[in-house]
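Shown next, in C-alpha cells, is the structure this report addresses.
The values are calculated or read from the model by the stated rules, or taken from the named source; none is laboratory data. All of these numbers come straight from a predicted model, not from anything done at the bench. Note that we place each Cβ from the backbone using ideal geometry, even for glycine, and neighbour counts take in every protein chain shown. Only protein heavy atoms, including side chains, enter the accessible area calculation; ligands, DNA and RNA are left aside. Shrake-Rupley method; radii C 1.70, N 1.55, O 1.52, S 1.80 Å.
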Amino acid sequence: MKLVFAGTPEVAVPALDALIASGRHEVAAVVTRPDAPAGRGRRLVASPVAERAEEAGIEVLKPTRPRDEDFLARLREIAPDCCPVVAYGALLPKEALAVPARGWVNLHFSLLPAWRGAAPVQHAVMAGDEVTGASTFLIEEGLDSGPVYGVLTEEVRPTDTSGDLLTRLAFAGAGLLAATMDGIEDGTLHAVPQPAEGITLAPKITVEDAQVQWSAPALRVDRVVRGCTPAPGAWTLFRGERLKLVQVAPVQDRADLAPGELSAAKNNVYVGTGSHAVELLWVQPQGKKPMRAADWARGVRIAHGELLGV
C-alpha cells in the first residue's frame with residue numbers, strides 16, 4: 001500500500017522505522033507537528049519523526065492544523081491507501097479522515113477500551129495496572145473509540161516508570177502496526193468494535209496532577225512518581241521551593257513518620273505518608289541536576305520534624 005505516516009515524538013520513530021524497513025509498503029510522506037522551540041536558546045527544532053523522515057528522504061508535511069486546505073490538497077494529491085498514526089498530537093478532521101481509502105489506523109498504547117486519551121501509559125502506571133499493552137484501531141471522530149485490528153500485551157513491572165514502559169511498547173507496537181498494515185492489504189485482518197464495558201479515560205497529566213500528596217498511602221506515592229517520570233515529573237515543596245522526585249521506594253518497616261515528615265540518616269532519607277514511609281532515592285532541586293537524596297539531605301541540613309509539601 002501507499003502510506004502517509006503521521007507521528008511526532010521519539011516514541012513514534014520505531015513504528016516509522018518498521019514501516020520503512022518492511023519493504024512491503026511505500027511510505028510516501030510523513031505528517032508531523034510544526035517545528036517547536038526547544039533548549040535554552042528556544043530555537044525552532046524539527047520533531048524526531050520529521051528528522052527521521054528527512055534522513056530517509058521522505059517528504060515531510062508540517063501543517064499548523066490538519067484542516068488547512070493546503071495540507072488537505074497535498075494529501076489528496078498523494079492519494080494514500082492508508083495512514084498509520086502514532087502519537088501525532090492533533091485531532092484529525094473528517095475531511096482528512098475521508099482521504100485514504102482504508103482509513104487512518106492508530107497505534108495506541110493501551111488495551112482498548114481501557115485508557116482512551118493522551119496519556120494511557122502514565123495512567124496505567126499510576127493506577128497500579130499489572131498488565132497493559134498496545135492496540136491498532138481505525139480512527140473515527142470519537143476519542144480512541146474506533147474498531148480494533150490487533151492488540152499485544154505487556155507486563156507492568158514493579159519499578160517501571162512511564163518512560164520505561166512506553167519505550168518497550170513503542171518497539172513492540174512498531175511490529176504490531178507493521179503487521180496490521182500487512183493484514184489490511186491482504187484482507188486477512190478485520191476491525192472489531194470495542195466492547196461497551198471497561199472504558200476508562202487517560203487525559204493529559206498536568207503539572208498540578210504530578211504534585212505528590214503525602215497523605216496518600218506509600219504505594220500511591222510510588223505510583224505517582226513512577227507514572228510522572230520522565231514527564232511532567234513528580235514534585236513536592238521543600239522550604240517553599242519545588243523539589244522534583246525522581247525515584248522513591250516504599251519502606252514497609254517504617255510507620256513512625258507523619259505524612260510529609262522527613263527523617264535523614266547518613267545514607268538514607270525517609271518521608272512519611274498516609275501509610276508507611278517511602279525512601280527518597282533520587283531528587284532534583286530547582287535549577288540543579290538530579291542527585292542522590294542522601295547527598296541532597298546533607299547539603300540542606302534537614303531539621304528534626306521538617307516537612308515536605310509545605
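List the number of the failed condition for Ser263; all other conditions in (1) free of Cβ contacts under 8 Å to residues at least 60 places away in the same chain; (2) open to solvent by less than 20 Å² (accessible area, probe 1.4 Å); (3) assigned to a strand (DSSP E or B) hold.
(2)
Note down all Cβ pairs under 8 Å where the first residue falls in the range 49-71 and is open to solvent by 60 Å² or more (accessible area, probe 1.4 Å), the second is among the acidic types (Asp, Glu), and they're at least six residues apart or on different chains.
So the pair list comes out as Arg52/Asp17; Lys62/Asp35; Arg67/Glu95.
Going through Val151, Val156, Val131 one at a time, which residue ends up being out of contact with any Pro (no Cβ under 8 Å at 6 or more places or on another chain) and open to solvent by less than 30 Å² (accessible area, probe 1.4 Å)?
Residue meeting the stated conditions: Val156.
Is it the case that Thr161 is open to solvent by 10 Å² or more (accessible area, probe 1.4 Å), under 12 Å from the mean Cα position of the chain (by Cα) and of a type in the set (S, T, N, Q)?
When the stated conditions are applied, Thr161 passes them.
Are any of the residues in the range 200-221 aromatic (Phe, Trp, Tyr) and touching a residue at least 40 places away in the same chain (Cβ under 8 Å)?
Scanning the range 200-221 turns up at least one residue that is aromatic (Phe, Trp, Tyr) and touching a residue at least 40 places away in the same chain (Cβ under 8 Å).
Quick one: in the range 195-244, of everything that is farther than 21 Å from Arg157 by Cβ and basic (Lys, Arg), which residue is least open to solvent (accessible area, probe 1.4 Å)?
Lys244
Would you confirm, using the coordinates I've provided, whether Arg102 is open to solvent by 40 Å² or more (accessible area, probe 1.4 Å) and either touching a residue at least 40 places away in the same chain (Cβ under 8 Å) or in contact with a Leu (Cβ under 8 Å, 6 or more places away or on another chain) (or both)?
When the stated conditions are applied, Arg102 passes them.
Could you tell me which numbered condition Arg168 fails, if it satisfies all but one of (1) open to solvent by 30 Å² or more (accessible area, probe 1.4 Å); (2) touching a residue at least 12 places away in the same chain (Cβ under 8 Å); (3) not in a helix (DSSP H, G or I)?
With (1) open to solvent by 30 Å² or more (accessible area, probe 1.4 Å); (2) touching a residue at least 12 places away in the same chain (Cβ under 8 Å); (3) not in a helix (DSSP H, G or I) applied to Arg168, the lone miss is (3).
Step by step: first the residues of the range 1-41, then only those that are farther than 24 Å from Asp186 by Cβ and either over 22 Å from the mean Cα position of the chain (by Cα) or without any contact (Cβ under 8 Å) to a residue 24 or more places away in the chain (or both), then the one that is most open to solvent (accessible area, probe 1.4 Å). Which residue is that?
That would be Arg40.
Being without any contact (Cβ under 8 Å) to a residue 60 or more places away in the chain, open to solvent by 60 Å² or more (accessible area, probe 1.4 Å) and more than 26 Å from Asp186 (Cα to Cα) is the requirement here; does Leu44 meet it?
So Leu44 fits the description; yes.
Do we have Leu112 as on the phi < 0 side of the Ramachandran plot and in contact (Cβ under 8 Å) with a residue 60 or more places away in the chain here?
So Leu112 fits the description; yes.
Can you say whether Glu95 is of a type outside the set (Phe, Trp, Tyr) and surrounded by fewer than 16 Cβ atoms within 10 Å (Cβ to Cβ), as far as the supplied structure shows?
yes
Need at least 2 residues that are at pLDDT below 95 and aliphatic (A, V, I, L, M) per element, so show me which strands (runs of 3 or more DSSP E) inside the range 71-148 make the cut, counting only ones lying wholly within it.
Qualifying strands (runs of 3 or more DSSP E): none found.
Please determine whether any residue of the range 111-120 is out of contact with any Pro (no Cβ under 6 Å at 6 or more places or on another chain) and closer than 15 Å to Arg226 by Cα.
Yes, there is a match, as at least one residue in the range 111-120 is out of contact with any Pro (no Cβ under 6 Å at 6 or more places or on another chain) and closer than 15 Å to Arg226 by Cα.
If you take the residues of the range 171-194 that are open to solvent by 40 Å² or more (accessible area, probe 1.4 Å) and of a type in the set (Val, Ile, Thr), which of them is nearest to Trp115 (Cα to Cα)?
Val192
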